[in-house]
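Chemist: Got a structure here, written out as structure tokens. Questions coming.
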Amino acid sequence: MSRIPFIVGNWKMYKNASSAMELCDQLRTGIRTAGDREVGVAPPLALLPLVQQRLENSRIRVGGQNVHPQAEGAFTGEVSAEMLASVGCSFVIIGHSERRQHFNEGDSFLGAKLLAAFRAQLDPIFCLGETLQERESGATEGVIRRQLDKALASLTPPQASRIIVAYEPVWAIGTGRTATPETAQQVHHLIREYFRGLCGIEGANRLRILYGGSVKPDNVDGLMAQPDIDGTLVGGASLNAADFARIVDYRT
Ligand code: PGA
């Protein structure tokens, strides 16, 4: 089964109104968007409507970096899936390791966010991955399984097969130390096997699994050549239009 690769730029807490507009203009002209791959950017919350407008009628999708489980309510500083959808978002990143680490977001809470994304017809990109200590102690597989078990507990198997997974080893994020294509492939394969058990062969074959963690122009080709790597979640290199365009234009 062929899966359409999805290349997503996570701008984190970078850019302001004017530098974001500039990046949007560079992306509009620099990015090759043939129908064989999807491209998206996730700007900071305050910039979403601006970026969405600036990228209108391009093939670049816009998404949020975070979402609250509730549709509305007294949750100062938060944003709902419905609100993201109302400004043109079509996907949302859930469970990034920076959210887990700095804001104490646990897997059950993240499961509720997945349901919120479905409620508003957003594609959730669910991030998971092990720390360096967990990898070195041989705990990687157990950690990945536990993260999936907890977050997917309240989803039906058809819902589970509609999420997009992003494997992001914590030790590779922002460190310049990317996983080798073989190391990443091993974990991606394990994740697909997990979904095979949960939602059957078809669901597992449909599932897109992105890799994230120091993806750059010079390592993307090797990563994307792996059979179970269906795209990339790019942090630092997505802030530079030429680098991001080269990553989108990966060659296998
Ligand atoms: P990085 O970030 O590409 O800067 O390592 C990836 C991410 O956090 O999604």
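The values are calculated or read from the model by the stated rules, or taken from the named source; none is laboratory data. Computed from a predicted model, the values in this text were never measured in an experiment. No Cβ is skipped: glycine too gets one built from the backbone with ideal geometry, and neighbour counts run over all protein chains shown. We work out accessible area using only protein heavy atoms, side chains counted, and drop any ligands, DNA or RNA first. Shrake-Rupley method; radii C 1.70, N 1.55, O 1.52, S 1.80 Å.
Chemist: Taking into account only those residues within the range 121-145 that are closer than 16 Å to Met83 by Cα and touching a strand residue (DSSP E or B) at 6+ places or on another chain (Cβ under 6 Å), which is surrounded by the fewest Cβ atoms within 10 Å (Cβ to Cβ)? Walk me through how you get there before you give the answer.
Modeler: Our first condition is that a residue be closer than 16 Å to Met83 by Cα; within the range 121-145, this holds for 121-124.
Filter once more, so that each one left must be touching a strand residue (DSSP E or B) at 6+ places or on another chain (Cβ under 6 Å): 122-124.
Details: Leu122: 22, Asp123: 19, Pro124: 27.
Per the stated criteria, the residue is Asp123.
Listed here are the residues, each with its yes/no results for (1) crowded, with 21+ Cβ neighbours inside 10 Å; (2) closer than 28 Å to Lys150 by Cβ; (3) of a type in the set (S, T, N, Q).
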| site | (1), (2), (3) |
| --- | --- |
| Leu27 | yes, no, no |
| Gly35 | no, no, no |
| Pro44 | no, yes, no |
| Leu48 | yes, no, no |
| Val51 | yes, no, no |
| Gln70 | no, yes, yes |
| Ser80 | no, yes, yes |
| Cys89 | yes, yes, no |
| His102 | no, yes, no |
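Chemist: Of the conditions (1) within 16 Å of the ligand (Cβ to nearest atom); (2) under 29 Å from Glu78 (Cα atoms), His188 satisfies every one except a single condition; which number is it?
Modeler: (2)
To keep it simple, each residue is scored yes or no on (1) under 18 Å from the mean Cα position of the chain (by Cα); (2) open to solvent by 30 Å² or more (accessible area, probe 1.4 Å).
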residue: Ile94; (1), (2): yes, no
residue: Leu110; (1), (2): yes, no
residue: Leu115; (1), (2): yes, yes
residue: Arg119; (1), (2): no, yes
residue: Gln147; (1), (2): yes, no
residue: Leu155; (1), (2): no, no
residue: Arg192; (1), (2): yes, no
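Chemist: Continuing with this model, one more query. Regarding the range 219-234, can at least one residue be identified that is within 14 Å of the ligand (Cβ to nearest atom) and surrounded by fewer than 23 Cβ atoms within 10 Å (Cβ to Cβ)? If you could, list the steps in order and put the result at the bottom.
Modeler: Taking the range 219-234 as the starting set, the residues that turn out to be within 14 Å of the ligand (Cβ to nearest atom) are 219-220, 223, 231-234.
Now restrict to residues that are surrounded by fewer than 23 Cβ atoms within 10 Å (Cβ to Cβ): 219.
Scanning the range 219-234, I find at least one residue that is within 14 Å of the ligand (Cβ to nearest atom) and surrounded by fewer than 23 Cβ atoms within 10 Å (Cβ to Cβ), so the answer is yes.
Chemist: Counting just the residues of the range 174-185 that are over 22 Å from Asn205 (Cα atoms) and buried (at least 22 other Cβ atoms within 10 Å of the Cβ), which one comes out farthest from the ligand (Cβ to nearest atom)?
Modeler: Here is the first cut: in the range 174-185, the ones over 22 Å from Asn205 (Cα atoms) are 174-180.
Among the residues that remain, those that are also buried (at least 22 other Cβ atoms within 10 Å of the Cβ) are: 178-179.
Details: Thr178: 8, Ala179: 11 Å.
Looking at the filtered set, the residue picked out is Ala179.
Chemist: Output yes when any residue across the range 76-94 is outside any helix (DSSP H, G or I), of a type in the set (S, T, N, Q), more than 16 Å from the ligand (Cβ to nearest atom) and more than 24 Å from Gly212 (Cα to Cα), and no when none is.
Modeler: Going through the range 76-94, the residues outside any helix (DSSP H, G or I) turn out to be 76-80, 87-94.
Filter once more, so that each one left must be of a type in the set (S, T, N, Q): 76, 80, 90.
Checking which are more than 16 Å from the ligand (Cβ to nearest atom) leaves us with 76, 80, 90.
Now restrict to residues that are more than 24 Å from Gly212 (Cα to Cα): 76, 80.
Yes; the residues of the range 76-94 include at least one that is outside any helix (DSSP H, G or I), of a type in the set (S, T, N, Q), more than 16 Å from the ligand (Cβ to nearest atom) and more than 24 Å from Gly212 (Cα to Cα).
Chemist: Which number in (1) buried (at least 18 other Cβ atoms within 10 Å of the Cβ); (2) within 16 Å of the chain's Cα centre (by Cα); (3) over 15 Å from Asp230 (Cα atoms) marks the one condition that Ala166 misses?
Modeler: (3) is the only condition that Ala166 fails.
Chemist: Could you say whether any residue in the range 153-176 is farther than 23 Å from Val234 by Cα, acidic (Asp, Glu) and out of contact with any Lys or Arg (no Cβ under 6 Å at 6 or more places or on another chain)?
Modeler: No, the conditions are met nowhere in the range 153-176.
Chemist: Of all residues in the range 9-25 being assigned to a helix (DSSP H, G or I) and away from the ligand (no atom under 16 Å from the Cβ), which is surrounded by the fewest Cβ atoms within 10 Å (Cβ to Cβ)? First the steps, then the outcome.
Modeler: Step one: of the range 9-25, the residues assigned to a helix (DSSP H, G or I) are 17-25.
Imposing the further condition that a residue be away from the ligand (no atom under 16 Å from the Cβ) reduces the set to 17-22, 24-25.
Values: Ala17: 11, Ser18: 9, Ser19: 12, Ala20: 22, Met21: 16, Glu22: 13, Cys24: 24, Asp25: 13.
Out of the qualifying residues, it is Ser18.
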